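Each remark here refers to the structure printed beneath this line.
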Amino acid sequence: MEEFIKMTRYGLVCLLLGAMAWGQEANPTSTPAAQKPNPTTTGAPATQAPGGSPAGMSGQPETSKVPPDAPVLTINGVCDNPPTDNAAASDCKTVITREQFEKLVNAVQPMMPPRARRQFAARYADALVRAQKAHQLGLDQGPQFELHMQLMRVQVLAQTFNQSMQEKASQISDKDIGDYYNNNLADYVEVDLQRIFVPFTQQLPTPKTKLTEAEEQTRSKASEATMKSEANKLHTRAVAGESFSKLQAEAFLVAGIKSKSPTTSMGKTRRNGLPPSQVSVMELKTGAISAVLSDQSGYFIYKVGKQDTMPLDDVKEEIRGTLRNKRIQDEMQAIQKSATPTLDEAYFGPEGPGGMMPRPGAPPAPRATPPGPK
């Protein structure tokens with residue numbers, strides 16, 4: 001029964017709280033009233049409410065006033081060995097202390113907000129009641145149940161490994177951060193940029209008569225040639241010192257765009273704030289005008305202003321996240337290379353256009369470093 005209750009916890013997480021992250025497996029949470037809480041568990045900091053909010057905030061419970069060994073969830077009628085005597089049925093209950101409940105919450109989602117904790121407690125209690133009924137009916141026996149337990153154990157172990165891997169990847173020293181900063185100084189240079197955008201084609205009025213396909217192509221090529229020529233003319237004028245705002249307005253006028261032209265000032269911009277095809281701008285000196293750069297949307301002309309290197313303290317947390325993500329990616333690649341599954345296409349069929357599904361238990365892909373201001 002105890003093992004059944006333990007695994008029910010993970011079923012609860014999976015079925016009722018699918019949006020919450022899986023976490024490290026905790027000790028059994030079905031605790032008879034006479035059983036003492038595990039002294040090695042630790043509750044949330046006494047100065048904070050669940051979810052990391054300061055205690056005493058409006059609408060938030062002050063958990064610091066609840067002792068760690070105080071019962072916070074009592075489920076009458078559920079215990080490991082339900083009595084057969086109705087007179088003794090009142091003694092059958094499961095008591096979960098604050099310390100035990102917070103350990104369970106931390107295993108599921110450490111930053112779970114107070115409202116979600118209350119909902120989780122209610123659903124967890126309901127699941128324990130159902131688990132006991134299933135046990136009494138003998139539903140925790142047989143090959144089908146064992147198969148479910150086996151699959152759940154694999155998933156729990158995979159998720160536990162992921163948490164361990166992520167915790168290890170987060171152990172980043174100040175020296176690691178400093179070394180990365182010094183080796184990648186170019187990534188932390190900020191440049192005041194101005195930019196002229198010239199659309200790739202003109203927005204032409206609808207012709208009065210339907211054009212043939214050949215006429216459409218001729219018209220389109222003429223439009224593209226006009227805008228390419230305009231971009232080169234604007235570049236010559238920019239080098240001569242004309243206002244970028246004036247040149248930008250003229251670019252939209254020639255393009256036939258009636259909306260207001262965009263501002264030319266990009267503010268302080270870093271390398272990661274530019275498309276790869278335009279990163280070369282960051283190599284120019286202050287006051288320089290770039291060549292005409294292009295992509296599928298149009299042409300770009302940049303003017304380089306003041307350049308500064310961001311201090312280490314301003315990017316320390318960004319670097320910490322970058323290093324953490326890289327370590328996770330490296331570890332996941334090493335794991336995938338260590339064991340390669342082979343699927344029988346005669347049985348499974350060929351791989352679909354979406355590629356292979358993520359491996360069970362694989363953590364979400366790390367977020368890319370957000371681009372700088374544009």
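General remarks:
- For the condition of a type outside the set (Lys, Arg), touching a residue at least 12 places away in the same chain (Cβ under 8 Å) and surrounded by fewer than 17 Cβ atoms within 10 Å (Cβ to Cβ), residue 249 qualifies.
- Screening residue 166 with (1) outside the structural domain of residue 295 (by TED's automatic domain parsing); (2) at pLDDT 95 or above gives one miss only, at (2).
- Test: residue in the range 173-190 that is within 27 Å of the chain's Cα centre (by Cα), in a loop (DSSP other than H, G, I, E, B) and of a type outside the set (Phe, Trp, Tyr): yes
- Residue check for residue 201: exposed (fewer than 13 other Cβ atoms within 10 Å of the Cβ), of a type in the set (S, T, N, Q) and in the same structural domain as residue 235 (by TED's automatic domain parsing): no
- Of the residues making up the range 53-107, those that are at pLDDT below 85, in a helix (DSSP H, G or I) and aliphatic (A, V, I, L, M) are 87, 88, 89, 107.
- Number of the exception - residue 193 against (1) within 30 Å of residue 326 (Cβ to Cβ); (2) assigned by TED's automatic domain parsing to the domain that holds residue 257; (3) out of contact with any strand residue (DSSP E or B) (no Cβ under 8 Å at 6 or more places or on another chain): (3)
- Residues of the range 131-147 satisfying the condition of being surrounded by 13 or more Cβ atoms within 10 Å (Cβ to Cβ) and part of a helix (DSSP H, G or I): 131, 132, 134, 135, 145
- Test for residue 185: is it surrounded by fewer than 16 Cβ atoms within 10 Å (Cβ to Cβ), closer than 30 Å to residue 316 by Cα, at pLDDT 95 or above and hydrophobic (A, V, I, L, M, F, W, C): yes
- The one condition in (1) touching a strand residue (DSSP E or B) at 6+ places or on another chain (Cβ under 6 Å); (2) of a type in the set (D, E, K, R); (3) modelled with pLDDT under 95 that residue 337 fails to fulfil: (1)
- Test: residue 258 is over 30 Å from residue 309 (Cα atoms) and of a type outside the set (Phe, Trp, Tyr): yes
The values are calculated or read from the model by the stated rules, or taken from the named source; none is laboratory data. Not measured: the values here are computed from a predicted model. Quick reminder, even Gly has a Cβ in these numbers, built from the backbone with ideal geometry, and neighbours come from all protein chains shown.
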